[in-house]
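> Quick one: structure below, then a few questions.
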Amino acid sequence: MKKKLLMLGGVDLGVTLCAYAAVMLLAYALEHAEVALVWLWVPVLALLIGYLLIFGACHINDTIWRYASEKDYIRIAATTLGLGTVLSLSMWLSGAVAVRLPYHLLAVALATGGVVLSRLIYRMRCSRQKGGAETSVSGKRLLIVGAGFVGSAMVNDIRRNPRAGLSIVGLVDDNPQKIGCSISGYSVLGSTEDIERICREKDVELIYIAIPSATNTERARILSECAKTNCTVKILPYFSEIEGESDFTRLVRDITPEELLGRDPIQVADDKIYEFVSGTRVMITGGGGSIGSELCRQVAAHSPARLVIVDIYENNAYAIQQELRNRYGDTLNLEVYIASVRDAKKIDYLFSLEKPQIVFHAAAHKHVPLMEVSPEEAIKNNVFGTYNTALAANNHGTDRFVLISTDKAVNPTNIMGASKRVCEMVIQYFSQTSEHTTYAAVRFGNVLGSNGSVIPLFKEQIKQRHDITVTDPRIIRYFMTIPEASQLVLTAGAMASGGEIFVLDMGEPVKIDDLARKMISLSGLVLGRDINIRYIGLRPGEKLYEELLMSEEGLKETLNHKIFISSVLPVPPEVMEGHLEMLRTNIVERVGVSGDEVERLLKVIVPSFQRYVPEKDKKQETPV
């Protein structure tokens with residue numbers, strides 16, 4: 001270290017003295033100025049003392065110049081310029097060197113440029129000695145998408161870090177003015193439309209998408225081009241997630257479900273919507289689940305008077321409890337209860353104890369195949385769990401009650417979907433009979449990344465190199481993100497006037513087969529060589545196409561153009577009471593009820609419940 005400091009200090013002094021000597025000789029030659037002999041030793045002494053004091057105080061030469069950034073070069077330039085200006089003015093005012101002031105300033109400029117240039121030469125020498133990532137034979141061949149500031153910084157990060165094991169082959173960018181140019185010696189080879197060709201010609205193995213400003217729609221377009229290659233693809237998070245970071249290479253991550261979805265998240269809620277939870281006592285059942293836990297996060301962020309989480313699964317409940325306590329500490333009035341919504345007495349006790357003003361009911365059995373095997377559990381947990389919670393809300397003066405429903409409740413083809421349609425009818429029943437509680441339901445499709453979602457399943461199958469299992473090549477689903485779903489629930493709670501079923505416009509449905517193929521491609525695997533897709537046939541209760549509204553419901557617009565309300569289909573209270581008594585007597589109070597009996601009873605309540613019969617039996621396992 002001392003050797004390096006001495007060497008750099010010597011270089012700085014030598015460069016500075018050469019600059020001054022050259023300028024003074026130039027002044028003497030052009031103007032025949034009388035240059036006092038004192039200029040030979042006074043600047044030397046002044047510069048030596050100045051560098052010892054100023055450069056030492058500023059720790060200029062403590063910088064590891066091999067990894068220097070723009071800020072480091074600006075700092076040394078500013079320090080040298082300032083120091084040289086002060087010394088030159090001192091010499092000019094004292095008459096130690098009898099030349100005009102412009103020559104002094106020219107000497108300062110040359111000295112500053114020489115010092116900065118010496119650092120650049122030193123850095124280039126170190127890079128040649130150590131070798132760069134671009135000369136690594138064993139490094140993965142990398143293409144960087146984005147030739148802006150972040151892409152340039154990533155190039156320099158990789159060049160300075162040979163141990164990263166990456167060999168840059170070039171960059172691509174959609175700005176035509178950048179194509180053909182180079183960044184640190186690497187060419188911008190084309191636009192994003194050329195990714196497939198470039199990867200084929202350059203034997204690219206890895207792609208980094210370095211455009212943190214890109215929207216999900218833009219990312220989806222780029223990912224579609226990347227999916228045409230056999231490269232593994234990584235991406236930088238959004239600018240909001242990397243603010244203050246500089247090591248961009250370290251921040252690249254896998255593709256998120258939102259980016260795979262191919263559309264920007266819909267911002268449903270706004271500050272006015274959140275105001276209705278601020279300062280209120282909020283209870284969330286199923287608060288440890290995917291939707292429930294996100295609801296907890298969003299409610300906690302808007303200063304509720306108290307947040308009460310109810311869940312039967314203690315591990316999930318503990319996880320969200322610890323997350324919220326770590327984030328908010330004592331500023332959040334939080335309580336967590338382990339309880340089942342099937343336990344009417346316990347739920348009633350919790351309502352009498354906590355007196356919630358707003359209830360979000362997310363607790364439910366949601367897995368279609370599991371409910372086909374244990375259909376009576378869907379009745380006990382979904383139907384009567386909803387009934388118990390809604391009744392407690394009515395009995396204890398809750399202001400608003402919001403049920404989390406599903407698109408599978410529309411023209412249901414399975415036990416789970418039919419049970420959730422009955423849950424909606426329960427909410428409509430209480431909406432007609434309650435004098436003070438406002439009830440509403442929220443219906444949406446599949447939630448990306450949630451427990452039981454297809455994307456985590458596909459990711460695990462790809463990780464284990466197991467065949468991707470798709471039920472049917474034609475199957476499509478509507479998708480939304482967990483934050484979108486949670487915002488819709490909050491919005492429904494704020495907008496509800498009683499008995500509505502809110503529906504989110506989720507855009508175009510997604511073909512599951514295309515989703516699986518894209519995930520395989522973006523993982524760097526080749527379909528048919530590294531991994532296969534097997535079509536295993538629709539599972540019991542599944543159908544090819546989900547619907548968001550029953551045909552007889554229709555739609556009503558709201559002030560938010562992304563949210564609609566289905567027309568209320570009232571069931572007379574006395575009829576609904578008879579339906580519930582029938583389910584209680586024949587299912588809840590009996591043991592060993594057959595699935596056929598459960599289905600028969602549900603069809604009495606939900607006439608649109610019809611089993612889906614595919615055109616062709618797809619249960620054979622077909623490799624692709």
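> As an exercise: evaluate Glu435 against (1) in the same structural domain as Phe360 (by TED's automatic domain parsing); (2) in contact (Cβ under 8 Å) with a residue 12 or more places away in the chain and give the number of the one condition it does not meet.
Just one mismatch for Glu435, condition (2).
> Sort through Ala485, Ala496 and tell me the only one that's closer than 28 Å to Ser293 by Cβ, buried (at least 20 other Cβ atoms within 10 Å of the Cβ), modelled with pLDDT of 85 or more and not basic (Lys, Arg).
Step by step, each of Ala485, Ala496 is checked, and only Ala496 is closer than 28 Å to Ser293 by Cβ, buried (at least 20 other Cβ atoms within 10 Å of the Cβ), modelled with pLDDT of 85 or more and not basic (Lys, Arg).
> Test each condition in (1) touching a residue at least 40 places away in the same chain (Cβ under 8 Å); (2) in a helix (DSSP H, G or I); (3) closer than 20 Å to Val526 by Cα for Arg197 and report the one that comes out false.
Unmet condition: (1).
> Hey, any hits in the range 433-454 for a residue that's in a helix (DSSP H, G or I), in contact with a helix residue (DSSP H, G or I) (Cβ under 8 Å, 6 or more places away or on another chain) and crowded, with 20+ Cβ neighbours inside 10 Å?
yes
> Can you say whether Leu324 is surrounded by 16 or more Cβ atoms within 10 Å (Cβ to Cβ), within 22 Å of Ala390 (Cα to Cα) and in contact (Cβ under 8 Å) with a residue 12 or more places away in the chain, as far as the supplied structure shows?
Answer is no for this residue.
> Looking at Ser340, Ser374, which is the one that is assigned by TED's automatic domain parsing to the domain that holds Glu294 and under 35 Å from the mean Cα position of the chain (by Cα)?
On the way: Ser374 fails: under 35 Å from the mean Cα position of the chain (by Cα).
Residue meeting the stated conditions: Ser340.
> Identify the residue in the range 228-264 that is among the hydroxyl-bearing types (Ser, Thr, Tyr), outside any loop (DSSP other than H, G, I, E, B) and at pLDDT 70 or above and, among all such residues, is nearest to Thr481 (Cα to Cα). Please lay out each step first, then the result.
To start, the set of residues in the range 228-264 that are among the hydroxyl-bearing types (Ser, Thr, Tyr) comprises 229, 232, 238, 240, 246, 249, 256.
Still in the list and also outside any loop (DSSP other than H, G, I, E, B): 232, 240, 249.
Right, trim to at pLDDT 70 or above and you get 232, 249.
Values: Thr232: 24, Thr249: 27 Å.
Result: Thr232.
Condition check ((1) hydrophobic (A, V, I, L, M, F, W, C); (2) over 20 Å from Cys296 (Cα atoms); (3) outside the structural domain of Arg584 (by TED's automatic domain parsing); (4) modelled with pLDDT under 95) across all residues:
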residue: Asn333; (1), (2), (3), (4): no, no, no, no
residue: Tyr349; (1), (2), (3), (4): no, yes, no, no
residue: Gln357; (1), (2), (3), (4): no, no, no, no
residue: Ala363; (1), (2), (3), (4): yes, no, no, no
residue: Leu370; (1), (2), (3), (4): yes, yes, no, yes
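> Hey, does the range 601-616 have a residue that's at pLDDT 75 or above, more than 30 Å from Ile536 (Cβ to Cβ) and within 43 Å of the chain's Cα centre (by Cα)?
Yes.
The values are calculated or read from the model by the stated rules, or taken from the named source; none is laboratory data. Model, not experiment: these values are computed from the prediction. We place every Cβ from the backbone using ideal geometry, glycine too, and count neighbours over all the protein chains shown.
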